[in-house]
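Notes follow once the structure below has been shown.
The values are calculated or read from the model by the stated rules, or taken from the named source; none is laboratory data. Source: prediction; values computed, not measured. Positions of Cβ are generated from backbone atoms using ideal geometry, with glycine treated the same way; all protein chains shown enter the neighbour counts. Side chains included, ligands, DNA and RNA excluded: accessible areas come from the protein's heavy atoms. Shrake-Rupley method; radii C 1.70, N 1.55, O 1.52, S 1.80 Å.
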Amino acid sequence: MDAIILPFNPIATIFPYQSKVWPGLTLELKGDHLLLEFPVEADGLSSAVYGGGMVRLKRAVNLFVSRDYECSDPVRDMENKLREWGYPLAAVAGLMTAVPLEHAAVAEEDTGSAGIMCCVTAAAGNAARAGVKRNVLKAYRPGTINIMLGIDGRLTPSAMVNAVMTATEAKAAALADLGITDSENGLVATGTTTDAIVLGVSQSGRYGAEHVYAGTATDLGGAIGRLVYRAVTGSLQSVQAAYSQQTRKNSQ
């Protein structure tokens, strides 16, 4: 399944989005947040500001916050939001973004040994190059490229780490191909200053295979890379198109 889908584009909104490759996995735009809900608890690995690390996950949320969000205690703020929404505080990973959620891009693929669903919200206003000296942040800022990755299949813990590595490489490749640079030094960006990722794995035996690697030389890693690349590209292009349209309107 090669197509990039913008399920919450105002022209053709899908409520909720039903995964084509992981039965029961849903993605829904619920006002101020995206809700990715797994049909059963999954093994999780994430850099989420709330509920990060290696955990069990039933859901992941991507909360929209304004660019001037006062971020002295994002964990407390996320807990308050979870209570407001009526979600349990456990088994959830919470991400934050200043990207309007209608620009979320989804890509999916069934490799024959796993079903993979990727959702990305992305903008590049704070694009940055890893590996060079640059200014650092003294406090948390809402992530600008957030990746939510769901895999229906069996992965070892090391393969899960490998999957995150491959996703990160694909994100960097998408930014390079789009010509996005670090404003501090003009070098090709590898991400933004506050990116985040969440991975949920079903550990289902439905496909009858266990993945011990997820690098780019494997079917699993190859698919992860393609999906993340497409979704990052799709979300960035959607944001850019909206910005260009607004700029034209303002100039008229």
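To keep it simple, each residue is scored yes or no on (1) in a loop (DSSP other than H, G, I, E, B); (2) open to solvent by 50 Å² or more (accessible area, probe 1.4 Å); (3) under 25 Å from residue 104 (Cα atoms).
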position	(1), (2), (3)
194	yes, no, yes
204	yes, no, no
217	yes, yes, no
224	no, no, yes
228	no, no, yes
Open item on the list: When you check residue 104 against the structure, is it in contact with a Leu (Cβ under 8 Å, 6 or more places away or on another chain) and of a type in the set (Gly, Ala, Ser), yes or no?
Closed with: yes
Open item on the list: I'm trying to understand the selection: among the residues of the range 15-35, which are touching a residue at least 24 places away in the same chain (Cβ under 8 Å), closer than 17 Å to residue 62 by Cα and not in a strand (DSSP E or B)?
Closed with: 25, 32
TODO: Would you mention how many residues in the range 232-252 are without any contact (Cβ under 8 Å) to a residue 60 or more places away in the chain and in a helix (DSSP H, G or I)?
DONE: 12
- [ ] Test residue 27 against the stated conditions and say whether it is in contact with a Cys (Cβ under 8 Å, 6 or more places away or on another chain) and either under 14 Å from residue 200 (Cα atoms) or modelled with pLDDT under 95 (or both).
- [x] yes
Task: Identity of the residue in the range 156-184, open to solvent by 60 Å² or more (accessible area, probe 1.4 Å) and of a type in the set (S, T, N, Q), that ends up farthest from residue 22 (Cα to Cα) - done: 183
TODO: Return a yes/no flag: does the range 75-88 have any residue that is within 22 Å of residue 194 (Cβ to Cβ) and in a loop (DSSP other than H, G, I, E, B).
DONE: no
TODO: Under 9 Å between Cβ atoms, at least 6 apart or on separate chains: pull out the pairs that start in the range 78-93 with a residue that is open to solvent by 50 Å² or more (accessible area, probe 1.4 Å) and end on any residue that is among the aliphatic types (A, V, I, L, M) and part of a loop (DSSP other than H, G, I, E, B).
DONE: 79/89; 83/89
- [ ] Go over the candidates 45, 27 one by one and state the one that is hydrophobic (A, V, I, L, M, F, W, C) and over 24 Å from residue 238 (Cβ atoms).
- [x] 45
